[in-house]
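*Asks:* Pasting a structure here, questions to come.
The values are calculated or read from the model by the stated rules, or taken from the named source; none is laboratory data. As the structure is a prediction and not an experimental result, all values here were calculated from the model. As a convention, Cβ positions derive from the backbone with ideal geometry for all residues, glycine included, and neighbour counts pool all protein chains shown. Accessible surface is based on the protein model in full, side chains and every heavy atom, while ligands, DNA and RNA are left aside. Shrake-Rupley method; radii C 1.70, N 1.55, O 1.52, S 1.80 Å.
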Amino acid sequence: MKKLLLVLLVVCLSGCTQTIQNDPLKNSQSIKQDDKQKGVKSKKVQQVMDGIKQTMPEEIYQELTNKKVVHEIDDIITIGNDQNNPTLRLDFAYQDGQLVQFVNKEYGFLDTLPTRMTSEQQAKETAKTFAKVFLNQDVKLQKTTALSGYDTDQYITFEDENHHTYLVALNINVLLKYNENS
């Protein structure tokens with residue numbers, strides 16, 4: 001009986017030692033995995049910032065570059081110019097790596113942009129550029145029924161062949177919303 005207890009004690013101790021020895025390895029692998037995820041997240045944010053530079057007025061890009069506050073939770077990236085009281089905030093929602101919704105929150109910064117009255121054709125080009133940059137798609141757009149709350153001559157709504165909608169502010173030539181047809 002004593003021999004059996006001694007054997008069990010030895011087995012237990014060697015098993016416990018093995019577990020203790022493996023824990024630091026597991027922890028370092030976990031840390032490396034977290035670093036990889038952070039790298040992927042920061043790469044995605046950088047891609048979004050590059051897209052903003054290509055599709056938005058220079059003033060928006062500079063404001064976000066200078067005062068960038070980023071929140072990334074799951075598949076949602078929010079970029080603003082202040083943590084608590086942003087006057088500029090862009091929300092990007094992804095599903096399976098594909099952008100499904102974009103909202104340029106109208107908190108006040110857009111009111112400071114110089115007026116750039118644009119034609120329907122110029123606004124259509126703004127929406128097409130957004131689709132090319134953020135969706136990697138060449139789209140054909142047609143004017144459609146105005147989005148609720150945007151039925152004035154200051155806005156124009158387009159729809160692509162997949163019935164995704166794009167809202168452009170005509171007075172500043174900025175895409176305010178993109179919604180994938182769900």
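*Asks:* With the checklist (1) open to solvent by less than 90 Å² (accessible area, probe 1.4 Å); (2) of a type outside the set (Val, Ile, Thr); (3) at pLDDT 50 or above in hand, flag the one item residue 43 doesn't pass.
*Replies:* That leaves (1) as the condition not met.
*Asks:* Right, next: Whether any residue in the range 102-114 is at pLDDT below 95, of a type in the set (S, T, N, Q) and under 19 Å from residue 59 (Cβ atoms) is what I want to check.
*Replies:* yes
*Asks:* If you don't mind, there's one more thing I want to ask. What is the one condition in (1) at pLDDT below 95; (2) touching a strand residue (DSSP E or B) at 6+ places or on another chain (Cβ under 6 Å) that residue 77 does not satisfy?
*Replies:* Result: residue 77 fails condition (1) only.
*Asks:* A further question follows. Out of everything in the range 102-128 that is over 15 Å from residue 158 (Cβ atoms) and part of a helix (DSSP H, G or I), what residue ends up being most open to solvent (accessible area, probe 1.4 Å)?
*Replies:* Looking at residues that are over 15 Å from residue 158 (Cβ atoms) and part of a helix (DSSP H, G or I), I get 111.
*Asks:* Against the conditions (1) in contact (Cβ under 8 Å) with a residue 24 or more places away in the chain; (2) not in a strand (DSSP E or B), where does residue 99 fall short? Just the number, please.
*Replies:* Exception for residue 99: condition (2).
*Asks:* Go through (1) small (Gly, Ala, Ser); (2) within 14 Å of residue 177 (Cα to Cα); (3) within 19 Å of the chain's Cα centre (by Cα) for residue 80 and report which single condition fails.
*Replies:* Looking at each condition in turn, residue 80 falls short on (2).
*Asks:* Restricting the first residue to the range 48-76 and requiring it to be under 16 Å from residue 107 (Cα atoms), which pairs with a second residue that is of a type outside the set (Gly, Ala, Ser) and surrounded by fewer than 12 Cβ atoms within 10 Å (Cβ to Cβ) meet a Cβ separation below 7 Å and a spacing of at least six or different chains?
*Replies:* 69/83
*Asks:* Of the conditions (1) touching a helix residue (DSSP H, G or I) at 6+ places or on another chain (Cβ under 7 Å); (2) closer than 24 Å to residue 165 by Cα; (3) open to solvent by less than 30 Å² (accessible area, probe 1.4 Å), residue 131 clears all except one; give me its number.
*Replies:* (1)
*Asks:* So residue 181 ticks every box in (1) in contact (Cβ under 8 Å) with a residue 24 or more places away in the chain; (2) within 24 Å of the chain's Cα centre (by Cα); (3) open to solvent by 60 Å² or more (accessible area, probe 1.4 Å) but one. Which box is left unticked?
*Replies:* Tallying (1) in contact (Cβ under 8 Å) with a residue 24 or more places away in the chain; (2) within 24 Å of the chain's Cα centre (by Cα); (3) open to solvent by 60 Å² or more (accessible area, probe 1.4 Å), residue 181 fails exactly one: (1).
*Asks:* Right, another one. How about the range 134-170: which of its residues are open to solvent by 60 Å² or more (accessible area, probe 1.4 Å), over 27 Å from residue 97 (Cα atoms) and either touching a helix residue (DSSP H, G or I) at 6+ places or on another chain (Cβ under 6 Å) or charged (D, E, K, R) (or both)?
*Replies:* Once the filter is applied, which keeps residues that are open to solvent by 60 Å² or more (accessible area, probe 1.4 Å), over 27 Å from residue 97 (Cα atoms) and either touching a helix residue (DSSP H, G or I) at 6+ places or on another chain (Cβ under 6 Å) or charged (D, E, K, R) (or both), the range 134-170 yields 143, 151, 153.
*Asks:* Look at residue 79 and say whether it is among the aliphatic types (A, V, I, L, M), surrounded by 16 or more Cβ atoms within 10 Å (Cβ to Cβ) and assigned to a helix (DSSP H, G or I).
*Replies:* no
*Asks:* Those residues that are among the charged types (D, E, K, R) and more than 19 Å from the chain's Cα centre (by Cα), I need them from the range 91-146; list them, please.
*Replies:* Passing the criteria: 111, 116, 120, 124, 125, 138, 140, 143.
*Asks:* Quick check: is even one residue across the range 150-161 assigned to a strand (DSSP E or B), over 26 Å from residue 95 (Cα atoms), hydroxyl-bearing (Ser, Thr, Tyr) and free of Cβ contacts under 8 Å to residues at least 24 places away in the same chain?
*Replies:* Taking every residue of the range 150-161 in turn, at least one turns out to be assigned to a strand (DSSP E or B), over 26 Å from residue 95 (Cα atoms), hydroxyl-bearing (Ser, Thr, Tyr) and free of Cβ contacts under 8 Å to residues at least 24 places away in the same chain.
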